[in-house]
Structure formats: structure tokens, C-alpha cells
1. Filter the range 321-334 down to the residues that are farther than 13 Å from residue 369 by Cβ and in contact with a helix residue (DSSP H, G or I) (Cβ under 8 Å, 6 or more places away or on another chain), then identify the one that is surrounded by the fewest Cβ atoms within 10 Å (Cβ to Cβ).
2. Pull out all pairs, ordered by first then second residue, where Cβ-Cβ is under 7 Å, the residues are six or more apart or on different chains, the first lies in the range 25-49 and is under 30 Å from residue 134 (Cα atoms), and the second is modelled with pLDDT of 90 or more and outside any loop (DSSP other than H, G, I, E, B).
3. Just one of the numbered conditions (1) in a loop (DSSP other than H, G, I, E, B); (2) more than 30 Å from residue 248 (Cβ to Cβ); (3) modelled with pLDDT of 85 or more is not true of residue 337; which one?
4. Having 3 or more residues that are at negative phi, touching a helix residue (DSSP H, G or I) at 6+ places or on another chain (Cβ under 9 Å) and in the same structural domain as residue 171 (by TED's automatic domain parsing) is the bar; report the helices (runs of 4 or more DSSP H) wholly within the range 31-93 that clear it.
5. Mind checking which residues of the range 344-361 are loosely packed, with under 14 Cβ neighbours inside 10 Å and in contact (Cβ under 8 Å) with a residue 24 or more places away in the chain?
6. Hey, among 336, 358, which residue is out of contact with any strand residue (DSSP E or B) (no Cβ under 8 Å at 6 or more places or on another chain) and under 18 Å from residue 296 (Cβ atoms)?
7. If you go through the range 126-154, how many residues are within 24 Å of residue 171 (Cβ to Cβ) and either crowded, with 19+ Cβ neighbours inside 10 Å or modelled with pLDDT of 95 or more (or both)?
8. Being surrounded by 14 or more Cβ atoms within 10 Å (Cβ to Cβ) and either within 17 Å of residue 157 (Cα to Cα) or in contact with a strand residue (DSSP E or B) (Cβ under 7 Å, 6 or more places away or on another chain) (or both), is that true of even one residue in the range 41-49?
């Protein structure tokens, strides 16, 4: 009995020592807590090039086509070839590339573009990105089977696997040996940090920091002269509507520091009220009809449901601004509620809007706000 008590006491002391050690390792005492193993596991879903972290499972090309057409094609095209919203995923790969592991069109200056399957060397990258980030409107919503299936479908579109293929954690390493650009990546350059990645020993440059006789900071003065500003049409409309470079709106004069930018034109509903003699309220105080929705609630819903990834209040991003929608569909609450829920394409251009997962009540709150002028 005495030995049993000693074991219990020793175990308790070890547990306390472990707890104290865990707390002492924190660089920010009193702030937060250590993540639990379950919380870490929920985030630790990456798949390495050696396929460590890959979950067990499988998926067929046929299943992948069904998932693709329902959840992916609206942005990437039926065959992964669309470049309207994002860069094309499929194209430019030949049977010879699959045999050699180097995509010839990557060094062909006459080839018009670079697709994902032309560039990506590791199959784990493709699987991991689909699993973590797709579909765009609902990341991490695909099941393991669906991720395997969509990956298999993309590989089939590029001729890497046959139509009746089933991709799984058991055969994915064999498929890696057929990736078109598997030999196209190298770590034998100075961009890698050291020998642990096979990188070069020397740094990129041999420059030495100089802190004397420094040149004055240059002042950027490049601009488009007025006579040439819109000579080739509106540059903002000639760029891909994603990414950092959107192009300047050359239909308007250049805005310089100190310029007064005119306020957006009032929405039709507000203009009609003003003509009728009603005192229009400031946009920040505007409140919509008897549904009880107000600007703050509607704007919060657009942020909560990622509407603001494609729409801004007063400017075009991927889709039209909320104010432009309000002008075009003033008073059409029911119509807007239906469009928010069902999505669609063709009303504002070819870029599709996927069906949204808002509740009917949330969709109506946003629709009422839009139909009433999209005030702030």
C-alpha cells in the first residue's frame, strides 16, 4: 500500500512539473492559453510533398466530374480551361511532358499562357490547396472523397490518368511519378535558405550594406498626360478583375492630393423621395422599411457571408458595387432576394455569382437594404 501511494505521489508531481513547464514556455504570460491537441488537429491539415498528412480515402474521375460541374465549373469552366475569373487550370500539357516530367510549353515564348497543371510539380500541392481553399465561397466544405475525386478529374483532363481511374492514398505516389512538371522544380538556387533544402551555399548577392553618401529618396512623378489618358479606352476594364493590378479608371481625370472627389449619385429611391418634398436622411442614418433591417445589419451580413470579397459599396471589384445594384433594381426586394439565394451570371457580365447560403431572412435583409438605396 505504501509503494502504491509513492507511485501516485510521483505521478502527481510529474504532472505538475509538466504543467509548470508548459506554462513557463509561453512568451506571453497571462495572454491566452496553449491550444489543445484537438484544436491543433483541426488546423493541422496540410499535406507535404512526401504525402505526410494525407488522409486515407479515394475518389473516382466520374465522381470528380459531378462535383466539378456542381461546385467548381462556375469559376473555372467545364473543362478547367476558363481564364475569365481565375487563371486556367488545364491546358498546355502533352503526353511527352508526362513522360519526361518537364512541360515544354513553359519555355515556349509562343504559347499564350501558363496553366496550373503546366506549372505545379507536386501532386500534394494540388490536393492540399483544393482541400483547404475550395470552393471559393465555402472553403473546407468538400469531403475527403470529393477532394480525391476533383483531383482525379483535373488529372484526367490533363491526360495524366484514364477515365476510369480511382485516385487514393494507396496509389497517389505512383500518380506523382506522372505529374507533367515533376522535374521542373529545382532547389539548386540561392533563393532557398540553406543546405537542408539542397540550396546553394552562397547568398543571392555579394552586396555589402552601405550607410554613407546615400542618394536622396527618389520622387515618383510618372503620370499619364491628359491627351493620352483615355486614348486606348478605360484601362480598368481591360484587366483581369482579380489580383492586385486592376488598372486606373481613365475615363475620369487623375485624382491628386487635395482634390475634392464628388460624392456618388444618390440612389433612385432617395432621389424620388427628395423630389416629392421629403427630407432625405443622411446615408449614415438611413433606415429601411418595416422589416426592421437597417444599414448596419445589412452591411454586417455582407461581411459575414463574404459578399464583400466580390462587391464593395461604391466601386466595382469582381461584381458590381452595391450602389450600382441599388440603382438598377430600386424597390425590387423580392427579385433581389431570389438572386442572392440562387446566384447567376449574365446580368452584370460573364463572371458568375454562386448561389449563396444565407437564410431566407438574411437574404431579405440584404435585399431590402439594396432595394432601398444601399445606404451606409
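1. Start the filter on the range 321-334 by keeping residues that are farther than 13 Å from residue 369 by Cβ, which leaves 321, 324, 327-328, 334.
Subset that is in contact with a helix residue (DSSP H, G or I) (Cβ under 8 Å, 6 or more places away or on another chain): 327, 334.
On the way: 327: 20, 334: 11.
Applying the filter and picking the extreme gives 334.
2. Listed pairs, sorted by first residue: 45/131; 45/132; 46/128; 47/124; 47/127; 47/128; 48/124; 49/124.
3. (1)
4. Working: elements: 37-43, 61-71, 73-76.
So the answer is 61-71.
5. Answer for the range 344-361, where residues must be loosely packed, with under 14 Cβ neighbours inside 10 Å and in contact (Cβ under 8 Å) with a residue 24 or more places away in the chain: 345, 350, 357.
6. Working: 336 fails: under 18 Å from residue 296 (Cβ atoms).
One residue alone meets the criteria, 358.
7. 20
8. Among the residues of the range 41-49, not one is surrounded by 14 or more Cβ atoms within 10 Å (Cβ to Cβ) and either within 17 Å of residue 157 (Cα to Cα) or in contact with a strand residue (DSSP E or B) (Cβ under 7 Å, 6 or more places away or on another chain) (or both), which makes the answer no.
The values are calculated or read from the model by the stated rules, or taken from the named source; none is laboratory data. Everything numeric here is computed off the predicted structure, so don't read it as measured data. For neighbour counting, all protein chains shown are included, and Cβ atoms are generated from backbone atoms with ideal geometry for every residue, glycine included.
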